[in-house]
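Heads up: the structure comes next, in structure tokens.
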Amino acid sequence: MASTLRLYLTCIRNTLEAAMCLQNFPCQEVERHNKPEVELKTSPELLLNPVLICRNEAEKCLIETSINSLRISLKVKQADELENILAKKFLRFLSMRAEAFQVLRRKPVQGYDISFLITNYHCEELQKQKLIDFIVQFMEMHSLKYFRRT
Amino acid sequence: MAEAEKFMGSDNVEDILTKIENKSLKIESLIKPYKPIEAIKTALEGYPPQDERCKFANWIGVRKALMAIKDVEGILRSLNPQYYDILMKYVYRGLSTGDRTTCDQCLKIHEKLTEKAGFGCILRSLTDTVNTI
């Protein structure tokens, strides 16, 4: 169990290392606008293949990259109803304060529990390695059943 | 897309499907006497055409070969480096299935393959929109 977690996190870490190659790219359609292309998905030439990494039926991670932005969506395992509700509340609490986290997305992508949106500006201000460490630590924290008090 | 191919001649797609099924049987026959290296090499030969059914049939064969691997390091050592990119694409397809056993095996292969082939291999599988599997 612990070994699959380690492999799962290593896989995500490696994929993020490779996928986090972002550069500034102003909007092609509207002048003087700069939008994260992964959210709009208007031009297929600016998007890379999305990658879905599943650990099992319940846990998965979707990584979508584009030229200037990267979106990571996580679905965490919830064993029972109570954990489901707790996780939902906690993740909603975090998402509401997305401003403070900078890389968090206010609403998770459909079908997932939490989403991160990393743009080229984040990569310029913050260190790429530390960003990846942050996301992997976030997942580790969840997988260690942070909520389980029993 | 399937309709366009059918217009060209339905034999085309059926032909390819038969070829892929033959390949699948060949892979199985190589797995039984425990020759996983040859099985993998056969499985990774060539890209399937754009048709969804061909891709799926091809994937089934490759999955059999991947699940038969016990010694990942050994296989990667003896595998020709030209197959690393194709293998990485199939590993990601395996990871997207969500089936526990497939994902376990694919995670193991992914870790070792990244150590061997590097991040370039991952990036090539992300950027290649022409040769999809």
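A convex hull fitted around the alpha carbon atoms of the protein assembly as shown yields 155 Å³ per residue. Compared with the rule-of-thumb size 2.2 N^0.38 Å for a compact globular protein, the stretch A:7-61 has a Cα radius of gyration ratio of 1.45.
At a Förster radius of 30 Å, what calculated FRET efficiency corresponds to the Cβ-Cβ distance of A:Asn84 and A:Arg32, to the nearest 0.05? Between A:Asn84 and A:Arg32 the formula returns 0.10.
Sorting B:117-124, B:69-76 by their mean Cβ neighbour count within 10 Å, with the most densely packed peptide first, gives B:117-124, B:69-76. Largest GNM mean-square fluctuation across A:Val30, A:Val103, A:Val38, computed for chain A with C-alpha springs under 10 Å, falls on A:Val30.
For the stretch B:15-127, the convex hull spanned by the alpha carbon atoms encloses 96 Å³ per residue. Considering only B:Tyr92, A:Pro36, B:Trp59, and ranking their Cα positions along the charge dipole of the protein assembly as shown that arises from unit charges at the beta-carbon of Lys, Arg, Asp and Glu, the one farthest toward the positive end is B:Tyr92.
Arranged from fewest to most other beta-carbon atoms within 10 Å of their beta carbon, A:Tyr112, B:Tyr92 become A:Tyr112, B:Tyr92. Counting only lysines at least 8 places from B:Lys26 when in the same chain, those with an alpha carbon closer than 22 Å to its own are B:Lys35, B:Lys41, B:Lys55, B:Lys64, B:Lys70, B:Lys89. Sorting B:Thr132, B:Thr42, A:Thr65 by the number of Cβ atoms found within 10 Å of their own Cβ, with the fewest placed first, yields B:Thr132, B:Thr42, A:Thr65. Could you pull out every one of the lysines with an alpha carbon less than 22 Å from that of A:Lys77, ignoring same-chain neighbours closer than 8 positions? Filter leaves A:Lys60, A:Lys88, A:Lys89, A:Lys107, A:Lys145, B:Lys108. Largest first, the extents of the alpha carbon coordinates of the stretch A:66-122 on the three principal axes equal 39, 21, 13 Å.
Applying 1/(1 + (r/R0)^6) with R0 = 41 Å to the Cβ-Cβ distance of A:Arg97 and A:Leu40 gives a FRET efficiency near 0.95.
Just so you know, the Cα atoms of the stretch A:1-93 work out to an Rg and Dmax of 16.5, 51 Å.
Each value in this text was obtained by applying a stated rule to the coordinates, not by laboratory testing. Keep in mind that what you see is a predicted model, and the values were worked out from it rather than measured. All Cβ positions, glycine included, derive from the backbone under ideal geometry; neighbour counts span all protein chains shown.
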